[in-house]
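Below is one structure, written out as structure tokens, with a few remarks after it.
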Amino acid sequence: MIILAIESSCDDSAVCIIKYTVNNDISINQNKITLNDIKRDEYQILSHYMYSQIKDHQIFKGVMPELASFLHTNKLKHLIQISLQKANIDINEIDCVAATAGPGLIGSLMVGTTYAKTLASILNKPYIAINHLEAHALSPMINSNLQAPYLLLLVSGGHSQFIIVEKIGKYKLLGKTYDDAVGECFDKVARLLGLEYPGGPAIEKAAINGNCKKFTFPIAAPEKLEHGCNMSFSGIKTFALNLTKKMTKEELDLNINNIAASFQDGIAQNLCYKANIAMDMYKKEIQIQKDQLNFVIAGGVASNEYIRNKLSELALNRGFNIFQPEKELCTDNAIMVAFTAAQYFKHNITHTLNFAPRSKWPLQELNEL
Ligand code: KG4
Ligand code: ZN
């Protein structure tokens, strides 16, 4: 089976063509797809191309939604053409077309889903609408032997959540941010420091030459324990704002790397603090053997080496196996969209062309699929 998948939820236009062989051993139950069904060696990525719009948006120090839609419109046709060439297949060999249908920027989603639906309609092949968060959630399975259930920390530009992944389509939210997402916080603090967009990679780079002990960013206080593993990053952001406001231009220039390193450390400490609580909650909810405790991080922020290391240390101490996707699979890409589409397609779950893209689409709503 060959699936062509499109990702266009924000500022990356991406196309992936994936091939998978159907494993007859899998018992198919349309209402109960278990992640344990996945056999990674069944999958072959025939091609994957991406046009990152980062440079186009940098002048605005953030994503300009109208420009993002315009660029998706311009770039996707070419990306589809070269993906087909590289995969060395004829367009009629495609068995199914998938696209990210939410959550994300509605204009960007409309462009990608319209391309996918048009292609599906012309080829008379099924269409699958993919939830972007689910694609991130399943991304650690692409190149590992990870099996559900697992505890997921999803940290991206728009979301920061602790989730129990029970099976495909069955996700339980344990906690989420009350305010900014972690990636958003990285982007805003980078802007304060005069670093380029996106802020995450810029701060990570600056932090390499900084002293993370120079400034002490606030950590979630113990008295907030009643908030479980819900998170808040506005305190860290305000701390960065007040810190930079107090400095002269010279002081700020001298301390950019130190603030970046201290901020990154503050975020890592906060995530570890909350992950520790989430691990307790997970253990209570899921009665499983100690050697099956899996902790997974995914989303753009999960590509941060410092945060990966800190969370790995915590997982090790807590007796959890840690799974982190390769860095290219953490940030937005069409491979994870194709992989997720394959799980649905192999269980004959497809969508009609009336399925409208949605700017908001919580994972928990997928139960209804
Ligand atoms: O998952 P993603 O590519 O897109 C969304 O679904 O939002 O995540 C993008 C976010 C941005 O806020 C970006 O600054 C952040 O992930 N990010 C990072 C790093 N790379 C990307 N944050 C921290 N460190 C990084 N290396
Ligand atoms: Zn994403």
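All of the numbers you see were taken from the coordinates with simple rules; none came from a lab. Quick caveat, the model's predicted, so the values are computed rather than measured. Here the Cβ positions follow ideal geometry from the backbone for every residue, glycine too, while neighbour counts run over all protein chains shown.
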Checklist outcome for this item: Footprinting proxy, HIS132, HIS72: sorted fewest to most Cβ within 10 Å, the residues are HIS132, HIS72
Next on the checklist: Can you give me the distance in nm between label points at MET247 and HIS78, each placed 7 Å from the Cα along the Cα-to-Cβ direction?
Outcome noted: 3.9
Item to check | Max mean-square fluctuation residue, GNM over the chain, Cα-Cα springs under 10 Å, options ALA99, ALA137, ALA268 | outcome: ALA268
Checklist entry - Taking neighbour counts of Cβ atoms within 10 Å as a proxy for exposure, in what order, fewest first, do GLU7, GLU166 appear? => result GLU166, GLU7
Next on the checklist: Starting from the 7 Å offset along Cα-to-Cβ, what nm value, one decimal, do you get for the label separation of MET1 and ILE54?
Outcome noted: 3.4
Checklist outcome for this item: With the dipole of the chain defined by +1 on each Lys or Arg Cβ and -1 on each Asp or Glu Cβ, the option from LEU138, ILE203, HIS72 whose Cα lies farthest towards the positive pole is ILE203
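Suppose a student asked you for the relative contact order of the chain, using Cα pairs under 8 Å spaced at least 6 residues apart; what percent would you report?
Numbers: 765 pairs, mean separation 88.9, N = 369.
Rounded, it is 24 percent for the chain.
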Checklist outcome for this item: Computed D for the range 99-195, Stokes-Einstein, Kirkwood radius over alpha-carbon pairs, 37 °C, 0.692 mPa s, to the nearest µm² per second, is 211
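Take each complete run of DSSP H in the chain, measure how far its Cα atoms stretch along the helix's own axis, and keep only those covering 24 Å or more with mean Kyte-Doolittle hydropathy at least -1.0; list them. Display every interim value, and only then the final one.
Values: long enough: 65-87 (31 Å, -0.07); 106-123 (25 Å, 1.13); 249-285 (52 Å, -0.47).
Span-like helices here: 65-87, 106-123, 249-285.
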Item to check | Dipole magnitude (debye, nearest 20) for the range 224-369, charges at Cβ of Lys, Arg, Asp, Glu | outcome: 280
Item to check | Theoretical gain in end-to-end length, ILE106 to THR118 [0.36 nm per residue, Cα-Cα removed] | outcome: 2.6 nm
Checklist entry - Mind checking the dipole of the chain: about its Cα centre, +1 per Lys or Arg Cβ, -1 per Asp or Glu Cβ, Debye to the nearest 20? => result 360
Item to check | Distance (nanometres) between label positions extended 7 Å along Cα→Cβ at LEU173 and ASN321 | outcome: 2.9
Checklist entry - Could you give the length gained on full extension between PHE70 and LEU254, defined as 0.36 nm per residue of separation minus the Cα-Cα distance, in nm? => result 62.3 nm
Next on the checklist: Please compare each pair in LYS61/LYS205; LYS55/LYS188; LYS170/LYS310; LYS19/LYS346; LYS125/LYS360; LYS55/LYS75 to a cut-off of 20 Å on the Cα-Cα distance and tell me which ones are over it.
Outcome noted: LYS170/LYS310; LYS125/LYS360
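Relative contact order for the range 152-267 using alpha-carbon pairs under 8 Å, separation at least 6, rounded to a whole percent?
Working: 196 pairs, mean separation 34.1, N = 116.
This gives 29 percent for the range 152-267.
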Checklist entry - If you bin every alpha carbon distance in the chain into 20 Å steps from zero, what whole percent lands in each bin? => result 30, 56, 14, 0
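Using helices alone, I'd like the mean residue ellipticity at 222 nm for the chain: each DSSP H run of four-plus residues gives -39500 (n - 2.57), total over residue count, nearest 500. Display every interim value, and only then the final one.
Working: 11 runs with 151 residues, N = 369.
Result for the chain, helices only: -13000 deg cm²/dmol.
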Item to check | Cβ-based exposure ranking for LEU174, LEU311, LEU46, in which fewest neighbours within 10 Å come first | outcome: LEU46, LEU174, LEU311
Checklist entry - Any idea what the alpha-carbon Rg over 2.2 N^0.38 Å comes to for the range 165-228? => result 1.50
Item to check | About the Cα centre, charge dipole magnitude for the range 312-369 (Lys/Arg +1, Asp/Glu -1 at Cβ), debye | outcome: 120
Next on the checklist: As an exercise, use a Förster radius of 41 Å and the Cβ-Cβ distance of HIS227 and THR352 to find the FRET efficiency, rounded to the nearest 0.05.
Outcome noted: 0.50
